[in-house]
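Read the structure below first, then the notes.
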Amino acid sequence: MERESRITKTLKRYERQLKFLFFGGLSALIEFVAFLIVYNFVDIYWSALISFMCGLVFSFIFNKLIVFESKCEVGRAVGREIMSFLVLGLINSQISSLVTLGLSQLTPSVAAKIITMAMVAVWNYLIMSKIIFKSKNSIS
């Protein structure tokens, strides 16, 4: 039997994190495309709000079913996951705005946004894996 390559072992080891990054990027793309579509019909405030909600819904679905493979029963447990995810999303929107604003005083705005997005991604992964989609028999 052949030994697994280092790359294969590394990919298996970080499979959940790689899925998280991939589906996070896909959710961001969905949010952006939704913004472009909705902006043709309503003003920027509503476009931003509606597209944010689209990204949030897709992010919840991808993270629950594919990244963290949460199999909780329908009812209170799913309601708790949804509410926790929404609260995290609202907190993230505020923290992201404030941190980006603060960092933009020290670095170019685009760099500030990229740094903030990386920080929020790490924070989100930890919160989702340890609290929101916590699985009794999985290792983060």
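Checking each residue in segment 105-140 for being at pLDDT 90 or above, out of contact with any Ser or Thr (no Cβ under 7 Å at 6 or more places or on another chain) and hydroxyl-bearing (Ser, Thr, Tyr) picks out Thr107, Tyr125.
From the list Ser51, Ser27, the one residue that fits, being outside the structural domain of Phe133 (by TED's automatic domain parsing), crowded, with 16+ Cβ neighbours inside 10 Å and modelled with pLDDT under 90, is Ser51. Out of curiosity, is Phe23 under 17 Å from the mean Cα position of the chain (by Cα), assigned to a helix (DSSP H, G or I) and under 13 Å from Gly89 (Cα atoms)? No.
Looking across Phe58, Phe85, Phe41, one residue alone is at pLDDT 90 or above, of a type in the set (Phe, Trp, Tyr) and under 18 Å from Ile131 (Cβ atoms). It is Phe85.
Those residues that are more than 25 Å from Phe68 (Cα to Cα) and surrounded by 12 or more Cβ atoms within 10 Å (Cβ to Cβ), I need them from segment 110-128; list them, please. Correct list: Ala111, Ala112, Lys113. Would you confirm whether any residue within segment 37-47 is within 25 Å of Ala111 (Cα to Cα) and either outside any helix (DSSP H, G or I) or among the hydrophobic types (A, V, I, L, M, F, W, C) (or both)? Yes; the residues of segment 37-47 include at least one that is within 25 Å of Ala111 (Cα to Cα) and either outside any helix (DSSP H, G or I) or among the hydrophobic types (A, V, I, L, M, F, W, C) (or both). Against the list (1) touching an Asp or Glu at 6+ places or on another chain (Cβ under 9 Å); (2) under 16 Å from Met128 (Cβ atoms); (3) loosely packed, with under 14 Cβ neighbours inside 10 Å, the condition Ala77 fails is (1).
The values are calculated or read from the model by the stated rules, or taken from the named source; none is laboratory data. Everything numeric here is computed off the predicted structure, so don't read it as measured data. No Cβ is skipped: glycine too gets one built from the backbone with ideal geometry, and neighbour counts run over all protein chains shown.
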